[in-house]
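Since the structure comes first, as structure tokens, the remarks are kept for the end.
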Amino acid sequence: MKADKRFIYTIYAIFFIAYLTLSSTAPIVLMISQKSHMSMTDLQLGVSLLFFFFSVSSIVLGPVSDFLGRRYVLLIAQSVSLIGLIVCAFSDSFYTFAFGLVIIGLGTGAFSVVSRSIVNHAIKDHHLLFKAYTTFSVLVIAGPIVATKMSIEMAQHMNWHLIYGALAILVVLLLLSTYLNAHEPDEHFTPSRVHVKGITEQFLYCAKNVLFMKNAILVGLFFSIVLGLFLGFGPEVFIKHFHVSTNEYANIALFICASYFVGNMISKHVGSRMVKRHLKFVAFALVAVSTLILNTHMTLDYTIGTFIAIGIGAGMLGPMGTHGGMKVLDKHFGTAAAMFTALFSIFSAVWSYLHAVLDMNALTLISMILWFIVIVCTVFELVKPDRETKSEQQSKVKSPRIQKAA
């Protein structure tokens, strides 16, 4: 295999394992609680810590890699993640398990941000770069799909500690592949001292752009619906409340994750043929109507159906929000990507924390959070609509045949 193919496949593997690792704990918290006598409240707090430190890592180590080198930061982050996985694999109490989750979050959070940045600098061909980013979009949801099925099957038929052992083996192989195949995009790059003022200026540049922040919050909120709400609360909703089997829940979670991917595809193919703002309101309406149905029909069939419909709506908003946020910036794209990743994991951490501390039915809490998300994002979009670029405006007046030829 050629060196350039080994390089890009390694980057894809880093991206995939980031979300595989992040998503492997939430689906099995109920089984861990039952088999290890840890309370669900404590375990939900542990999951919130995982998401929180994932966001801290992504928002800090992404910009730091500009100074120390992306390959170097990836190797360090993978080593840290490996330590956390080993701690979880041998944990015998909540405190050691939670400590391991914190370390996993600190390491894994840098994976996707630095991978995206290294590809952006290494690939100069726009067609290949678009292909890489399209693959990233698939891997973001492929990780949770595989993680849900794998973790539930292993926790049900074997010891749940083995999940973290298996992930540790994957990270060892990833570490070896990164060492052999990854390289700095700039051959003349020399590490320099981390410039805190420079990093602060990068974040302020992004944060001061209202349209960027609106879209970053929108993407963060709606992606957190799938990972933070549906997968995080899923075991309690479906296994504990509706009494479905673990195998049935694994299939339900698979369909929910797949629905997000379907929404992504709808957005990418339909969004180029109509005003994206109109498609956003279609997605808002889909989520709002589904939430209303969930409020009035809290049965198993309606819950599954509404979760899938909401997953499609959330998936539709992902590409549109990312595109709407990134196109208004002229520089510091790595920092912007870090903020997108950090916001979704922060929101997911908040949902897990609320689940842990509030004595409330899980479905009721999910409905309240969904209404909050829909109302906030709709108000944001009404107050601060996205601006279309000149090229986008011109593309709307082209005929379908001309667009296809282009």
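The values are calculated or read from the model by the stated rules, or taken from the named source; none is laboratory data. Everything quoted here is computed from the prediction, not taken from an experiment. Cβ: placed from backbone, ideal geometry, glycine included. Neighbour counts: every protein chain shown. Areas reflect the complete protein model, heavy atoms only, side chains present, ligands, DNA and RNA absent. Shrake-Rupley method; radii C 1.70, N 1.55, O 1.52, S 1.80 Å.
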*asked:* Rounded to the nearest 10 Å², what accessible area does K240 have for a 1.4 Å probe in the complete protein model?
replied: 120 Å²
*asked:* Here is the link list: K208/K384; K280/K327; K2/K149; K149/K280. Which ones come out longer than 23 Å on Cα distance?
replied: K2/K149; K149/K280
*Take the range 170-227, compute every pairwise Cα distance, and split them into 5 Å bins from 0; I just need the percent in each bin.*
4, 13, 10, 11, 13, 18, 22, 10, 1
_Anisotropy class of the chain from Cα gyration tensor, a/c 1.5 cut_ = oblate
*Furthest towards positive pole of dipole, F233, G324, L45, structure part the chain, Cβ charges*: G324
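Please report the carbon-and-sulfur percent of the accessible area for the range 1-129; probe 1.4 Å, protein heavy atoms only, DNA, RNA and ligands left out.
Numbers: 3330 of 4880 Å².
Carbon-and-sulfur percentage of accessible area, whole number: 68.
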*What percentages, rounded to whole numbers, describe P(r) for the range 229-344 computed over all alpha carbon pairs with 10 Å bin width beginning at zero?*
13, 37, 31, 15, 4, 0
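Using the heavy atoms of the protein chains and a 1.4 angstrom probe, tell me the accessible area per residue for the chain in square angstrom.
Details: 17830 Å² over 406 residues.
That works out to 44 Å² for each residue.
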*Charges only on Cβ, +1 for Lys and Arg, -1 for Asp and Glu: so what's the dipole of the range 5-100 about the Cα centre, in debye to the nearest 20?*
440 debye
*What percentage of the solvent-accessible surface of the range 244-310, computed with a 1.4 Å probe over protein heavy atoms, is contributed by carbon and sulfur atoms?*
72 percent
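Under unit Cβ charges (Lys, Arg +1; Asp, Glu -1), what dipole magnitude, rounded to 20 debye, does the chain have relative to its Cα centre? It would help to have the intermediate numbers written out before the result.
Working: 29 positive and 19 negative charges, 313 e Å.
The dipole magnitude comes to about 1500 debye.
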*asked:* If you average the C-alpha positions of the range 329-383 and of the range 201-260 separately, how far apart do those two centres end up, in angstrom?
replied: 8 Å
*Karplus 3J(HN,Hα) series, Hz, for the range 222-234 with 6.51 cos²θ - 1.76 cosθ + 1.60 (x for Gly, Pro)*: 6, 6, 5, 4, 6, 7, x, 8, 5, 7, x, 9, x
*asked:* Compute for the range 53-92: radius of gyration divided by Kirkwood radius, i.e. Rg/Rh, restricted to C-alpha atoms, rounded to two decimals.
replied: 1.08
_Using the Cα centre of the range 182-339 as the reference point, and only Cβ charges (+1 on K/R, -1 on D/E), how large is the resulting charge dipole? Debye, rounded to the nearest 20._
620 debye
*asked:* Loop-only chymotrypsin sites (Phe, Trp or Tyr not before Pro) in the range 270-356, please: DSSP not H, G, I, E or B, and at most 15 other Cβ atoms within 10 Å.
replied: none
*Whole-Hz ³J(HN,Hα) from phi, Karplus 6.51 cos²θ - 1.76 cosθ + 1.60, for the range 2-9, glycine and proline x*: 5, 4, 5, 6, 4, 5, 5, 5
*Between E201 and D42, what is the label-to-label distance in nm when each label sits 7 Å out along the Cα-to-Cβ direction?*
4.8 nm
*Multiply the residue separation of I76 and V138 by 0.36 nm, subtract the distance between their alpha-carbon atoms, and state the gained length in nm to one decimal.*
19.8 nm
